[in-house]
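The values are calculated or read from the model by the stated rules, or taken from the named source; none is laboratory data. None of these values were measured; they are calculated from a predicted model. Please note: Cβ atoms are built from the backbone with ideal geometry, for glycine as well, and neighbour counts cover all protein chains shown. Just so you know, the surface numbers come from the protein's heavy atoms only, side chains and all, with ligands and any DNA or RNA stripped out. Shrake-Rupley method; radii C 1.70, N 1.55, O 1.52, S 1.80 Å.
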Amino acid sequence: MAVHPPGRVLGGMVTSIRDLAARTPASRRRDLDLLRAAAIGAVVLGHWLIVTVERTSDGRLTGFTALPELRWAHALTWLFQVMPVFFLVGGAANAISWTGGRRRGETPTRWLLDRSARLFPPITVFLLVVATGATVARSAGVAHDLVEQAVALVLLPLWFLVVYLGVTALTPWTHRLHERHGLAVPAALVAGVAAGDALRLTTGNELVAAGSFAFGWLAIHQVGYAWYDGTLRLGTRQAAALVAVGLGALLLLTGPGPYPVSMVTVPDAAVQNPSPPTLALLTLAVAQLGLAALVARAARGWLHRSQPWALVVAVNTVVLTVYLWHLVAAFAGALALDALGLLPPSDPGTAGWWLGRVPWLAALAIVLVVLVILLGPVETRAAARRTEARVVGRPPTQATTGLAALAARTGAVVAAYTAAVAGLLWLTVAGTAGGPHEPFGLPLGALVLVLGSAAVLRFGRAGARRGSAAEPST
């Protein structure tokens with residue numbers, strides 16, 4: 001396989017996408033890329049649809065979710081809550097990657113360095129831009145509470161990255177559990193979610209189910225392993241049965257059952273299905289697994305056509321960029337529409353509000369396209385460097401690296417990765433809780449943890465590549 005330098009791979013946008021699409025190995029699970037592209041589209045559209053912005057009586061711009069006013073639309077969230085799809089696809093993709101890494105003799109540490117290579121550069125740039133924007137806004141005299149609200153909004157997507165980075169780091173061990181125990185592993189994790197639900201529903205305390213943040217998403221990730229390797233065989237009939245069973249169970253759990261209909265967060269609701277994941281959300285995941293298997297079978301031939309596949313590749317090359325910046329696009333689009341006097345009506349559910357969704361979505365799409373054009377190369381360059389390193393070099397082995405050096409590198413990587421996830425968790429939970437005294441509009445300690453750890457991981461990857469290049473070829 002030829003290796004192209006990042007400059008060539010990322011040269012002209014159309015040419016580079018076609019080149020990447022044309023060089024896709026025939027063995028690639030293209031349906032996973034299609035599902036990921038469709039899921040990110042659903043996330044963006046869902047968030048943009050429910051966000052409503054208005055100018056208050058004191059002249060301030062504020063935003064809120066329309067879901068409390070649109071109770072009839074809560075069932076529509078079943079179409080837009082696609083985080084289970086990301087974890088299903090992530091499980092399959094991590095199984096493919098770890099299986100290949102193990103064949104190449106990679107250690108879990110080296111594999112984790114490789115998997116994080118594409119994720120942390122876009123996250124780093126995102127946080128630097130948000131911190132800089134908050135600092136400039138404060139210096140320009142913008143009220144602190146408005147800056148905090150804006151920063152809290154654009155940081156919302158980080159929660160997913162906290163969980164996904166966590167389950168990815170555990171892949172070498174959770175995949176081993178899958179090889180030994182198969183579907184018994186997700187079954188045990190689902191039992192943990194059920195126990196947490198029983199406690200939260202009887203006590204009214206959401207904190208007692210905090211373990212479901214791990215149990216729920218890990219369960220779906222484990223099912224992704226089983227879907228990839230055939231442990232879970234899903235022909236057309238089995239997949240259709242999963243859709244029917246999942247939706248049927250969901251209707252029972254959210255109708256006569258104790259769970260809310262909405263599969264996304266609704267302010268002030270007694271129970272939130274995604275935070276942490278409930279049994280209701282896991283039944284939606286069952287239906288989505290069946291639907292994903294049906295889509296995979298139907299799209300198999302279509303994805304080998306050049307134009308459709310190039311479109312899927314184009315979305316996947318910037319999928320993290322789109323995810324990180326789509327709420328920034330909503331914020332910037334609202335400011336632009338307000339400045340032009342074109343802000344749509346803010347009464348959810350009225351005819352004017354629905355008609356206003358059209359220019360609203362169009363404006364946000366334009367802003368997001370500009371952001372992706374400007375910032376997408378950060379992600380695509382990171383992906384290109386990762387591909388080049390994987391093809392050119394081979395990982396240093398224990399024999400040539402030395403046990404002491406290997407242990408030191410492993411410790412540094414594990415510590416840096418853990419610190420980065422902790423920093424992102426801090427940002428997710430605390431948001432702007434630091435208040436006006438924080439110099440960058442968000443917790444300084446969290447910024448230091450994430451940015452410093454990302455730098456350590458990048459140096460670790462560079463060192464691993466140098467170590468690989470220094471070894472004699474075999």
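Residue pairs whose Cβ atoms lie under 6 Å apart, separated by 6 or more positions or on different chains, with the first residue in region 210-227 and open to solvent by 10 Å² or more (accessible area, probe 1.4 Å) and in a helix (DSSP H, G or I) and the second of a type outside the set (Val, Ile, Thr) and modelled with pLDDT under 95, are 213/276. Cβ-Cβ distances below 8 Å connect the following pairs, each with a first residue in region 24-40 that is over 12 Å from residue 92 (Cα atoms), a second residue that is charged (D, E, K, R) and in a helix (DSSP H, G or I), and a separation of six or more residues or different chains: 24/30.
If you check 151, 136, which single one turns out to be under 22 Å from residue 446 (Cβ atoms), crowded, with 18+ Cβ neighbours inside 10 Å and either touching a residue at least 12 places away in the same chain (Cβ under 8 Å) or out of contact with any strand residue (DSSP E or B) (no Cβ under 9 Å at 6 or more places or on another chain) (or both)? Exactly one residue qualifies, and that residue is 151. When 441, 445 are checked against the criterion of being open to solvent by 20 Å² or more (accessible area, probe 1.4 Å), at pLDDT 55 or above and over 19 Å from the mean Cα position of the chain (by Cα), a single residue qualifies: 445. When you look at residue 30, is it open to solvent by less than 60 Å² (accessible area, probe 1.4 Å) and in contact with a Leu (Cβ under 7 Å, 6 or more places away or on another chain), yes or no? Answer is yes for this residue. Mind listing whichever residues of region 103-123 are within 15 Å of the chain's Cα centre (by Cα) and not in a loop (DSSP other than H, G, I, E, B)? Those that are within 15 Å of the chain's Cα centre (by Cα) and not in a loop (DSSP other than H, G, I, E, B): 115, 116, 120, 121, 122, 123.
Considering only residues that are open to solvent by 30 Å² or more (accessible area, probe 1.4 Å) and in a loop (DSSP other than H, G, I, E, B), which ones fall in region 325-345?
Scanning region 325-345 gives 340, 341, 342, 343, 345.
Among residues of region 98-125 that are touching a residue at least 40 places away in the same chain (Cβ under 8 Å), those with a beta-carbon under 6 Å from a residue that is among the hydroxyl-bearing types (Ser, Thr, Tyr) at least six positions away or on a different chain give the pairs 98/171; 109/410; 115/168; 122/321.
Residues considered: 49, 67. Of these, the only one that is under 29 Å from residue 145 (Cβ atoms) and in contact with a Lys or Arg (Cβ under 7 Å, 6 or more places away or on another chain) is 49. Any idea how many residues of region 416-433 are at pLDDT 75 or above and either among the acidic types (Asp, Glu) or open to solvent by 60 Å² or more (accessible area, probe 1.4 Å) (or both)? Total satisfying the criteria: 4. The condition (being touching a residue at least 24 places away in the same chain (Cβ under 8 Å), exposed (fewer than 15 other Cβ atoms within 10 Å of the Cβ) and under 17 Å from residue 286 (Cβ atoms)) is satisfied by just one residue among 183, 232: 183. Determine whether residue 190 is closer than 16 Å to residue 91 by Cβ, hydrophobic (A, V, I, L, M, F, W, C), in a helix (DSSP H, G or I) and touching a residue at least 40 places away in the same chain (Cβ under 8 Å). Here the answer is yes, as residue 190 does meet what is asked.
Could you tell me which residue of region 63-102 is surrounded by the most Cβ atoms within 10 Å (Cβ to Cβ), considering only residues that are assigned to a helix (DSSP H, G or I) and among the polar types (S, T, N, Q)? Filtering first and then ranking leaves 94.
Hey, among the residues in region 262-293 that are aliphatic (A, V, I, L, M) and open to solvent by 50 Å² or more (accessible area, probe 1.4 Å), which one's nearest to residue 79 (Cα to Cα)? Result: 291. Mind checking whether some residue in region 51-62 is open to solvent by 10 Å² or more (accessible area, probe 1.4 Å), within 30 Å of residue 223 (Cβ to Cβ) and touching a residue at least 60 places away in the same chain (Cβ under 8 Å)? No, region 51-62 contains no residue that is open to solvent by 10 Å² or more (accessible area, probe 1.4 Å), within 30 Å of residue 223 (Cβ to Cβ) and touching a residue at least 60 places away in the same chain (Cβ under 8 Å). You will find that of 112, 165, the residue that is modelled with pLDDT under 95, open to solvent by less than 40 Å² (accessible area, probe 1.4 Å) and touching a helix residue (DSSP H, G or I) at 6+ places or on another chain (Cβ under 7 Å) is 112 and no other. Determine if region 21-32 includes at least one residue that is under 22 Å from residue 303 (Cα atoms) and of a type in the set (Val, Ile, Thr). Taking every residue of region 21-32 in turn, at least one turns out to be under 22 Å from residue 303 (Cα atoms) and of a type in the set (Val, Ile, Thr).
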